[in-house]
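Read the figures in this text as sums done on the coordinates, not as results from a lab. These numbers come from a predicted model, not from an experiment. Cβ sites come from the backbone with ideal geometry, for glycine too, and all protein chains shown count toward neighbours.
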Amino acid sequence: MLLPVTTHPRASLRRVLEDLGPTLLDLVYGDADGAVDIGGVVIHDPRDAPVPPPRALVLGVAVHGPREIADLLDAVGGHRAAGLVVRAPVAPDERIAAAVRRSGVALLGLTRGASWAQLAAMLRSLIAEGDVGEAGQETLGGVSSGDLFALANAIGALLDAPVTIEDRSWRVLAFSGRQDEADSSRVETILGRQVPERFTRVLEERGVFQAMYRSDQPVYVEPLVECDTGRMSLPRVALAVRAGDEILGSIWAAVRGPLSAERAQALRDAAKLVALHLLRQRAGADVERRLRADLVGTALEGGAGAADAVARLGLAGQPGVVLALAAADRPDGDRSAAGHARYVAERQRLADAFAMHLTAVHPRSASAPVGDVVYGIVPVPAERPDGRASRDGHERTDAEARAARVAAEFLERVGDRQELLVGVGPLARDSAALPASRAGADRALRVLRAGRGPRSVARIHDVVVESLLLELADVIAERGDPPSGPVARLIAYDAAHHTCLVRTLRAWLDAFGDVIAASAAVHVHPNTFRYRLRRLAEVGGLDLGDADARFAAMLQLRLWPGAGEP
């Protein structure tokens, strides 16, 4: 059977109000049909205001009073925001109404008692469709795949009752409209996105869960006494959602009495469709991860498909910086199947945490693991906050410094359970420059992995010399070139006579010719060190007063770090 669904786009402001209001949101001022496509969810922070994507829904946490609200409306209107959400109630005020008309930003009120975190999670789940992949969405039973809110509305229309769809842990996955027609316990469940423990305990004592799991028929639940009011709640009808023998969740409807046979059959049919959506949603999470990884990889590789990949990631026409995150040591220990599975799970956990962190910084950030490296693309504003274009050098430095701070904050949050490193690439002014930014991030990460210093985050512009030395060492290793000139002669002499002239030369060069410091580094008397200096100059034919000769010797000792060591 086909279920009726709303015809509004999933990411429209009207659709958000239909799915979340009036239980959570009310339109205070503005046009709900003005924003056809919401571009993201941003939490307003007056001390560190993020640059919202176009058509964003801005959550004005702790914004109160007509003046504050009007000022924020004007500010987010400059970024073409779709709407501003503040805590209800909002008293009628001409300043606010004028700011809404002036900015074109709709003002919404969040009901008292509702959590901002829960609202942000619900909004992101509602508008996530279409972020990755094709614009057209697969449908199941006439409902967009994974759109549980539309499905809950459809079931509610069939049963003529407010409906919730819950998982096995009694978390609310979606709910229909008309929840205000139910009782206070249902409102509490919706606001908390979780069935309160006191209700689940009573239902378990009554054997409701056992009856629901044993039967494929709807279970009628007698009214409960509400603790806060002492009144009786509405009866419930519950049905388990199954996929074969596996319980995926349940459907709960607040009814006035037992269902008719026709509506009971409609609920059973709807449960099969809910099962398909839940299975598709579970499988789709893995598919979306692979798709996002492919898109990120294609965007960073460049080539014919890069522009399309960048567009599907929502990053077209926006400058960005590439971050490369990896463990300090490459995985080469446990090569068993179990060890590989643990490594893959840990890498995915790290990638998910990194993606969440970057998305909190900028909603349009993209992140995915490619090989043993997790890459992130962090968009940066093309203009300064005052609207004037930045000078190239300052813009690049500011963008890379901000990306480095973002990376450092992430490493602080994940703790020291695993030593992690992040390389920061140069600013990519358009999608064509992303491969160059990725290459720079890889080079900076390689320097960190080589142990060149105590840093855990490095910008490529800060480690260019170290990176060049590593690349030159690669060329030497590929060609098999041995040390030559004075250094080669000193290595041969040390091997034949069991001396330490190469070590003496290295200490002297590292100390910039300071004999006292160099002799202390190798634990010998300064006079003994001076004698060894004269001896190595004679044996190697090295003019220690020649700057070019010193540089050549220093470079060879850098490129062959183990030269002359026993």
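Observations on the model:
- Near the amide H of Gly305, within less than 5 Å, lie no amide hydrogens of residues on another chain or at least 5 residues away, with H placed in the peptide plane.
- 3J(HN,Hα) along the stretch 458-473, derived from phi through the Karplus expression 6.51 cos²θ - 1.76 cosθ + 1.60 where θ = phi - 60°, amounts to 9, 8, 4, 5, 8, 10, 4, 5, 4, 5, 5, 5, 5, 5, 5, 5 Hz, with x in place of Gly and Pro.
- Amide H to amide H, with H built 1.01 Å from N, Val241 comes under 5 Å of Leu248, Gly249, Ser250, Ile251, counting only residues 5 or more places away or on other chains.
- Counting neighbouring beta carbons within 10 Å and listing from fewest to most, the residues Arg479, Arg312 come out as Arg479, Arg312.
- Structural descriptor for the stretch 482-559: relative contact order 34 percent, calculated from alpha carbon pairs under 8 angstrom and at least 6 residues apart.
- Shape call, the stretch 13-128: gyration tensor on alpha carbons, a/c limit 1.5: rounded
- Gyration tensor verdict on the stretch 439-521 (Cα atoms; rounded if a/c is under 1.5, prolate if a/b is larger than b/c, oblate otherwise): oblate
- If R0 is taken as 22 Å, the Cβ-Cβ distance between Phe551 and Asp510 corresponds to a FRET efficiency of 0.95.
- Mean separation of Cα contacts under 8 Å, 6 or more apart, over the residue count of the stretch 140-282: relative contact order %: 27 percent
- HN-Hα J in Hz across the stretch 435-450 - Karplus 6.51, -1.76, 1.60, θ = phi - 60°, x for Gly and Pro: x, 5, 5, 5, 4, x, 5, 5, 5, 5, 5, 5, 4, 5, 5, 6
- Taking amide hydrogens as placed 1.01 Å from N in the peptide plane, the amide H of Val255 sits under 5 Å from those of Arg236, Val237, each at least 5 positions away in sequence or on another chain.
- For the stretch 140-214 and the stretch 232-261, distance of Cα centres in Å: 8 Å
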